[in-house]
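Report on the following structure.
The values are calculated or read from the model by the stated rules, or taken from the named source; none is laboratory data. Note that this is a predicted model, so its numbers are computed, not measured. Reconstructed Cβ throughout: ideal geometry from the backbone, glycine too, with neighbour counts over all protein chains shown.
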């Protein structure tokens, strides 16, 4: 729990455990690390890595803490992070509990494949989800595109939905890259497809989520020898790491392609500082944290125009677009940047400048504004009186 001043707004934040690898956790950590004096945030995990038994235990603990805080009136609002599949099922129960106590409920949508997941639910299940999620006071989305979708899907009023782009921590300085002879491409994220026809966390089918790691490996392998000899590819993440390594060995590219498992923030930043171009040829996205982190480090990005990405990346201004699954186009785009050092520098410079607006120092006041907007005037007056 982060305590800062006598009577801050007390927030109970429910979401993925802080040891879980992924974008939701990255956002949670940034918020917790940069909590301003006017907030007091208690984070409670609703999901963690481990066995099904451990996850049931973690979730029941979250339910217990939520009920305890509500019964004792120890919180002013509830902030719930959610995505597709089992996350939606878990958060439905939490929303039902919280709504009984007349406290503001803020939902924070993160799911990259939520539209496909939701449309694949039986109609009667969709109605149940909508009926429960409509109880929220505010729903935060990662882009205007997602804002429009959730407003329609959950039948929300315009005032209930608001866009808040993901935050990023922008380093004060980035390395000079113009004198590098070799172009290092970097991919950060899940390697391979997530799940299949049925996920262990869910009772319903869902679409595969693919960030295009294997497309990238094949696209790099297809580079002409003249460009490939001047390039290197680094992939880091969780998922099918061993399978990716096997594919690299099959292609006889172990000297040019390096595979890492999930990295710590320090290790990630070291790789971003050493890299020249970020590549994320995803099929689905919310607003990828890895892309924002790369832009903050002054890297040009090669990405796909999916999810909220087109609201941050402008083609040929701060990055380049390729279509999902189009490996020849990806190869050509990588080849183009290998041969265009001035373009790499210009795109990277613009990327770093543009992402400054999403720095966590700019994000937190916006989040505070949202928190204050959902509190009833009487609750705000009570906080003001008690702080005198």
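Condition check ((1) over 21 Å from residue 345 (Cα atoms); (2) in contact (Cβ under 8 Å) with a residue 12 or more places away in the chain; (3) not in a helix (DSSP H, G or I)) across all residues:
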{"residue": "218", "(1), (2), (3)": "yes, yes, no"}
{"residue": "242", "(1), (2), (3)": "yes, no, no"}
{"residue": "248", "(1), (2), (3)": "yes, yes, no"}
{"residue": "253", "(1), (2), (3)": "yes, yes, yes"}
{"residue": "259", "(1), (2), (3)": "yes, yes, yes"}
{"residue": "283", "(1), (2), (3)": "yes, yes, yes"}
{"residue": "291", "(1), (2), (3)": "no, yes, no"}
{"residue": "294", "(1), (2), (3)": "no, yes, no"}
{"residue": "305", "(1), (2), (3)": "yes, yes, yes"}
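Hey, among 299, 271, which residue is part of a loop (DSSP other than H, G, I, E, B) and more than 15 Å from the chain's Cα centre (by Cα)?
Only one candidate qualifies: 299.
If you check 85, 64, 54, which single one turns out to be assigned by TED's automatic domain parsing to the domain that holds residue 125 and at pLDDT 95 or above?
Working: 85 fails: at pLDDT 95 or above; 54 fails: at pLDDT 95 or above.
Of the residues listed, the single one that is assigned by TED's automatic domain parsing to the domain that holds residue 125 and at pLDDT 95 or above is 64.
Let me spell it out: the conditions are (1) more than 26 Å from residue 345 (Cα to Cα); (2) surrounded by 24 or more Cβ atoms within 10 Å (Cβ to Cβ), and residue 264 meets all of them except one. Which number is the exception?
(2)
Buried (at least 22 other Cβ atoms within 10 Å of the Cβ), under 19 Å from the mean Cα position of the chain (by Cα) and closer than 22 Å to residue 190 by Cα, is that true of residue 285?
Yes, satisfied.
Out of curiosity, is residue 66 surrounded by fewer than 19 Cβ atoms within 10 Å (Cβ to Cβ) and in a helix (DSSP H, G or I)?
no
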